[in-house]
Amino acid sequence: MPMPLLPSLPTILLLACACLAAATSTATTPTHDPVTGLLNWRGANQDGTSLQTGLPTKAVLEGEGANLRWALDTPGRGTATIAEYADGPRLFAIGYPGGGADLLETLYCVDPETGEVLWQRGYADFISDIVYNRYSISAPTIDPETGHVFYQTSPGLVMALDRDGNELWQVSLMESFGKLTFPNGRTGVITIDGDLAIVNCISTNWGKEGPARNRFYAFNKHTGELAWSSTPGVGPPFLKDSSFSTPYIENRLGYRVFYAGTGCGNLVCVNLRTGEPLWRYQMSFGGVNASPVVYDQGTPDDPTDDLVIQVHGKENVGDTGRGYMIAIKADQALAAAAASDEKPLQLGAESVAWRNDDVSMFTSSPTLVDGVIYQCTIEGLLVAIDASTGETLWEKKFGTDQLHASPVYADGRMYLAMWHDGLYIFEPTREGPKNIEHLKMSEQDLCIGTPSAWNGKVYLHTTQRLYCFGNESGGAVPATAPTPAGPPNAVLAGQPAAIMLTPSEFKLRPGEEVDIQHSVVDAYGNPVPLGDPDTFDLDTTLVMGFADQGTNINLNVQRDVDRTSTLISATSGGNAPFGIIQNVNASMGEMKTQSRGRIISSPPYAFDFNSDNRSLTDQNDNVPYAHPPSVWIGARLKWQVRDDPYEEGDNMVLAKTLDRVLFQRSLIFMGHADDSGYTVQADVMTDGNRRGGSVVGVINQRYIIAIDANKDVIEVSSNPNRLAVTEPFDVKIKTWYTIKSMVVPGDDGNGVVYGKVWPRGEDEPEGWTIAVEVPNIHTQGAPGIYGFSPQSRFRVYVDNVTVTPNP
């Protein structure tokens, strides 16, 4: 609730712990005029600058000259955004009120003038490894066309809400695409362009996207369907981290492109219309988290001197340094990529305009003002750099150190939030900062989020509260959106070059259907007429997964008259239908493309890893293995089907791999994100020695129920810092156990998570080994398997997995 500077009204907290994969709300969405405002945390110019005027020249909490208008008591680590609707402005911010199992990552809608909370939506964490309270390291994004709000929670719920808080659609990146979480909690924002909502994350999906990579997913902003996914980077040893770099979007050489940093140490360029990776520049081992900027040097007779500028703070590639800032020649790089068959083209030194080795920063993004880059460093410096030459103009120590917050420039002043040192306001010049004002915060009031400037006010979200400083009124300047791209090449423009299928990835239950939309685009990704529909062809290839019983799956394909869409539905026989629509192949002349899908049953189903005449044809450490079920999310490369190492016979089991420390914590999801009311049972075992073993168990509705050989316990958890309850259980290594779980929500929003474990082959105990009362209980979620091998030392094994409806 706001502090008593101004009156506030009661608010309603709606717990939204459900996840519907690309589901549409039944709520009626009102139609509104297009909106303006601070719609993205980087501003309309995408470079940390604003055209706002009438902003405060200082920030004073109390006493003489105090200009604190209101403060909302909710901790946060991100940036507020503001939309100017026809009936008034609304501010959107993310906080994380509560503690322990009661902590809810909360999207607030606030009156920016008074601090009154108009509505709020809370979401509980699940199956993440986020430590302490590192939540809300993100910002909401507002679509200028519809006024809808787009938001991603830390564990990866991506959603669209209308201005009144009604959820329009939601996708669980973790359960549907294998998004990984990281202890640092960095989540990033959703970027809106046209009809696309673009998300940046690290994922271990299925099939060709099974290997862990930094990927960009573009969803249709109206429906939540996946338009395309893009993998512009590389894997280990470069992929070591997450990235919350916000894409910078522009038109260049006829393309609509975006630039962004990745968790594998690259600055990348991607065709925004198609998702095709165009070029990459390898900077580091580990994540590039800062957002890039583009410097237009404004030389009318030489447009090729525009620069893409990026900073990083990890281990350099090619030398022993740690971090630098670089400028890539934008036109030269894109022209080389367009002419190359290598996609993405790895750029070399010929594409580099300049490099500054004196600047190192991991997460704070640069701000571009009148040809000068202002960049915070890890050491708490603010460095001014000539954007044309890369020359350091000056540097000044503002804080002891710096984390995420980026400088904001507006109304002739820089607003700079420093992690431990409060808010600075000053006038930046090429010679140095002038007229510095400083607001020192308390030791608990950490400034991690970037300030927001709008309508005569500055908003600052700290780890204690959301503050509003400023004047009663100000001159609001409408935001401007970048103009659509216009291809300059008349020969290439409008000529069919590629086919697009939407959705590009999908999943079906038997009896459900998906409508595959077809379109043809030119070399730049601009839509062109299909032409003669008889020249277009589409077919499907079904590659079976495997289950305990034999399964027959038939695909029914129906096309509309002009062949711009195809309806695919799946029917099945048998008791456990699972399968892969590996290829929905579309072709027109020499142009070819594919969509892909999974067929996944609702419970009951079972896996014993002996079915379907499996053969161990691959080798790992001289041990034969086969791949796990193709329909599972996050399984490939993390798990292998092997012979049981401790029992004689022909029984095959699922074994966790140990060759990648990145995968020491592994999640497998078998079903749909909206499954509920089921029981998961499996046989589990851990390797180890008398000093320890590993952790293995099952996932049920976003809770892990596992045995831990290091602690000799059975544990129910969703996040080690939010919910982790144990009961003693003597776990013997190299011994099979059966583990069983059930989640029972109550009518009051709370519920109970049950688990039991016993030696395999013995009678099941009547009572539960553990029963944990959980507030804000998750009412649905995909069933799965969990394995954790600390430092990738001791392997865990799983067999005889069953998922059945609750009795």
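Taking all protein chains into account, the per residue accessible area for the chain stands at 36 Å² (1.4 Å probe). For region 165-210, the pair-distance distribution built from all alpha carbon pairs, in bins 10 Å wide starting at 0, is 21, 47, 29, 2 percent.
Evaluating 6.51 cos²θ - 1.76 cosθ + 1.60 at θ = phi - 60° for every residue in region 412-419, the Karplus couplings come out as x, 10, 9, 10, 10, 8, 10, 3 Hz, glycine and proline recorded as x. Projected label points at Lys208 and Gln517, each 7 Å from Cα along the beta carbon direction, are separated by 2.2 nanometres.
Listed peptides 793-804, 250-261, 341-352 appear in the order 250-261, 793-804, 341-352 once ranked by packing, highest mean of other Cβ atoms within 10 Å at the front. Couplings 3J(HN,Hα) of region 206-218, computed from phi: 10, x, 5, 9, x, x, 5, 8, 7, 10, 10, 10, 10 Hz, in residue order, whole Hz [Karplus 6.51 cos²θ - 1.76 cosθ + 1.60, θ = phi - 60°; x for Gly and Pro]. For region 315-398, the percent of C-alpha pairs falling in each 5 Å distance bin, counted from 0 to the bin holding the largest distance, reads 3, 13, 21, 21, 18, 13, 7, 3, 1, 0.
Excluding Gln402 itself, what net charge comes from residues whose Cβ is under 11 Å from its Cβ, given Lys and Arg +1 and Asp and Glu -1? My count for the surroundings of Gln402 gives -2. Within region 81-149, the chymotrypsin sites (Phe, Trp or Tyr not before Pro) that combine a DSSP coil assignment with at most 12 other C-beta atoms in a 10 angstrom radius are Tyr132. Count Lys and Arg as plus one, Asp and Glu as minus one, and take only other residues whose Cβ is under 12 Å from that of Asn471; the net charge is then 0. Electrostatic tally near Asp421: other residues with Cβ closer than 15 Å to its Cβ, Lys and Arg +1, Asp and Glu -1, net -2.
Across region 500-507, coupling constants 3J(HN,Hα) worked out from phi with the 6.51/-1.76/1.60 Karplus curve, θ = phi - 60°, read 10, 10, 10, x, 7, 8, 7, 9 Hz, and Gly and Pro carry x. Quick check on the chain: take the gyration tensor over C-alpha atoms, sort the square-rooted eigenvalues as a ≥ b ≥ c, and tell me if it's rounded (a/c under 1.5), prolate or oblate. Judged from the Cα gyration tensor, the chain comes out prolate (a/c at least 1.5, a/b above b/c).
Applying 1/(1 + (r/R0)^6) with R0 = 41 Å to the Cβ-Cβ distance of Asp87 and Ser442 gives a FRET efficiency near 0.65. Rounded to the nearest 10 square angstrom, Asp643 shows an accessible area of 80 square angstrom against a 1.4 Å probe. Using the Cβ-Cβ distance between Leu567 and Asp331 with R0 set to 41 Å, the FRET efficiency from 1/(1 + (r/R0)^6) comes to roughly 0.40.
For the pair region 444-475 and region 172-198, the centres of their Cα atoms are 26 angstrom apart. Backbone amide hydrogens, once placed in the peptide plane, bring Asn719 within less than 5 Å of Ile127, excluding anything fewer than 5 places away on its chain. Farthest toward the positive end of the dipole of the chain, out of Tyr132, Val623, Ser442, is the Cα of Val623, where the dipole comes from beta carbon charges about the Cα centre.
For region 67-118, what does the relative contact order come out to in percent, with C-alpha contacts under 8 Å and a separation of six or more? Relative CO of region 67-118 lands at 30 percent. Sorted largest first by accessible area at a 1.4 angstrom probe radius, with every protein chain in place, the residues Glu513, Glu766, Glu175, Glu647 fall in the order Glu766, Glu513, Glu647, Glu175. Ordered by 1.4 Å accessible area with all protein chains kept, Thr400, Thr49 run largest first as Thr400, Thr49. In the distance distribution for region 623-696, Cα-Cα pairs more than 14 Å apart total 69 percent.
Measuring nothing but protein heavy atoms, the accessible surface of the chain at 1.4 Å probe radius is 48 percent carbon and sulfur. In this structure, the residue pairs whose Cα-Cα separation is over 27 Å, taken from Lys179/Lys440; Lys638/Lys740; Lys208/Lys740; Lys221/Lys457; Lys638/Lys732, are Lys179/Lys440; Lys208/Lys740; Lys221/Lys457. Residue separation of Asn133 and Met591 scaled by 0.36 nm, minus their Cα-Cα distance, works out to 160.0 nm of gained length.
Assuming a ≥ b ≥ c are the square roots of the Cα gyration tensor eigenvalues, decide whether region 290-353 counts as rounded (a/c under 1.5), prolate (otherwise, with a/b larger than b/c) or oblate. Note, shape of region 290-353 comes out oblate.
Relative to the longest principal axis of the Cα atoms of the chain, helix 330-339 runs at roughly 40 degrees. Region 249-324 gives an Rg/Rh value of 1.02, both radii derived from C-alpha positions and Rh following Kirkwood. Let me make sure I get this right: for region 40-139, a, b and c are the square roots of the gyration tensor eigenvalues over alpha carbons, sorted descending. Under 1.5 in a/c it's rounded, otherwise prolate if a/b > b/c, else oblate. Which is it? Taking the square roots of the gyration eigenvalues as a ≥ b ≥ c, region 40-139 is prolate. Rounded to the nearest 0.05, the FRET efficiency derived from the C-beta distance between Asn651 and Gln297 at R0 = 51 Å is 0.15. Counting heavy atoms of the protein chains alone, His518 has an accessible area of about 20 Å² for a 1.4 Å probe.
The values are calculated or read from the model by the stated rules, or taken from the named source; none is laboratory data. Remember, predicted model here, so these are calculated numbers, not experimental data. Every residue, glycine as well, gets a Cβ built from its backbone with ideal geometry; the counts of neighbours run over all protein chains shown. Remember, those area values only see protein heavy atoms, side chains included, never the ligands or the DNA or RNA. Shrake-Rupley method; radii C 1.70, N 1.55, O 1.52, S 1.80 Å.
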